[in-house]
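A.B. asks: Quick one: structure below, then a few questions.
Bear in mind that the values in this text are calculations on the coordinates, not laboratory data. Computed from a predicted model, the values in this text were never measured in an experiment. Backbone-built Cβ (ideal geometry, glycine too); neighbour counts: all protein chains shown.
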Amino acid sequence: MTDYNFKSYHIRSINAASDEERAAINQELKDLYASLSEEDKKAFNEQLQKFLSTEVGRLKSDYEAIRGLNNPN
């Protein structure tokens with residue numbers, strides 16, 4: 001099974017110099033997905049869901065930590 005490095009796409013998108021560059025990165029991911037077999041698409045989707053869940057959890061934790069700094073108990 002292929003491991004997809006979604007973090008690298010995410011970092012590249014964050015650091016994109018323009019909306020056009022960000023769109024090109026997004027298109028690169030879409031093209032990769034379109035080129036996959038049905039079995040590989042399933043693995044891609046599962047890995048993407050795991051990556052997104054991890055990132056959302058991390059962002060929530062960071063937000064709560066920052067919010068706690070602004071609202072000490």
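A.B. asks: Multiply the residue gap between residue 47 and residue 59 by 0.36 nm, knock off their C-alpha separation, and tell me the result in nm, one decimal place.
C.D. replies: Working: separation 12, 0.36 × 12 = 4.32 nm, distance 1.82 nm.
Full extension from residue 47 to residue 59 adds 2.5 nm.
A.B. asks: May I pose another question? Give, rounded to the nearest 20 debye, the magnitude of the charge dipole that the chain has about its Cα centre when Lys and Arg contribute +1 at Cβ and Asp and Glu contribute -1 at Cβ.
C.D. replies: Numbers: 10 positive and 13 negative charges, 69 e Å.
With Lys and Arg at +1 and Asp and Glu at -1, about 340 debye.
A.B. asks: Apply the Debye scattering formula to the chain, with a single equal point scatterer on each alpha-carbon and no solvent, then give log10 I(q)/I(0) at q = 0.12, 0.16, 0.18, 0.19 Å⁻¹.
C.D. replies: For the requested q values the scattering log ratios are -0.46, -0.71, -0.82, -0.87.
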